1. When only residues in the stretch 6-21 that are crowded, with 24+ Cβ neighbours inside 10 Å and not β-branched (Val, Ile, Thr) count, which is farthest from Val120 (Cα to Cα)?
2. Which of the residues belonging to the stretch 94-131 are of a type in the set (Val, Ile, Thr) and part of a helix (DSSP H, G or I)?
3. Lys25 is checked against (1) buried (at least 21 other Cβ atoms within 10 Å of the Cβ); (2) out of contact with any strand residue (DSSP E or B) (no Cβ under 7 Å at 6 or more places or on another chain); (3) over 20 Å from Pro126 (Cβ atoms) and fails just one. What number does that condition carry?
4. For the structure I just gave you, tell me whether Pro95 is surrounded by fewer than 23 Cβ atoms within 10 Å (Cβ to Cβ) and at pLDDT below 95.
5. Could you count how many residues in the stretch 75-97 are without any contact (Cβ under 8 Å) to a residue 24 or more places away in the chain and more than 19 Å from Val59 (Cα to Cα)?
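The values are calculated or read from the model by the stated rules, or taken from the named source; none is laboratory data. In this text, all values refer to a predicted model and were calculated from it rather than measured experimentally. So basically every Cβ, Gly included, is an ideal-geometry build from the backbone, and we count neighbours across all protein chains shown.
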Amino acid sequence: MSVDPSSKTCVVIGASADRKKFGNKSVRAHAQLGYTVYPVHPTETEIEGWRAYPSIRDVPVEHVERVTMYVPPWVGIGLLADIATKSPQEVWLNPGTESAALIAQAEALGLPVIQACSIVDLGTTPNEFEG
């Protein structure tokens, strides 16, 4: 299930300034395909030229089309209620971010969860964003 390209907003939770990390590769991949990217990181203020936000609550839009997660399940489960406030069309649990408890909580909140790599869904691979 892909986001309508005319929508093109993506929150990257676990975005990173480290270009080797998947949270950084996701920012670059989404930006390359025309998404307005909202990186979320608790201490960074800018990632790949995009203003970074300490929490999804701080993202300055009421609704986003896509949320993609790059944090451990025990962190992600604590963010689900805040994610739900943005009414995303898709919540991507990238490999390593999912757990049975997180998925159950996300479903209880009515979040549309997809367990797969959001970068691959864009028609590219993380390897294309090395370094």
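1. Per the criteria, the residue is Ala15.
2. Passing the criteria: Ile103, Ile119, Val120.
3. Result: Lys25 passes all but (3).
4. no
5. Matching residues across the stretch 75-97 total 1.
Yes or no, residue by residue, for (1) over 17 Å from Lys8 (Cα atoms); (2) under 15 Å from the mean Cα position of the chain (by Cα); (3) surrounded by fewer than 19 Cβ atoms within 10 Å (Cβ to Cβ):
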| site | (1), (2), (3) |
| --- | --- |
| Ile47 | yes, yes, no |
| His63 | no, yes, yes |
| Tyr70 | yes, yes, no |
| Pro126 | yes, yes, yes |
| Gly131 | yes, no, yes |
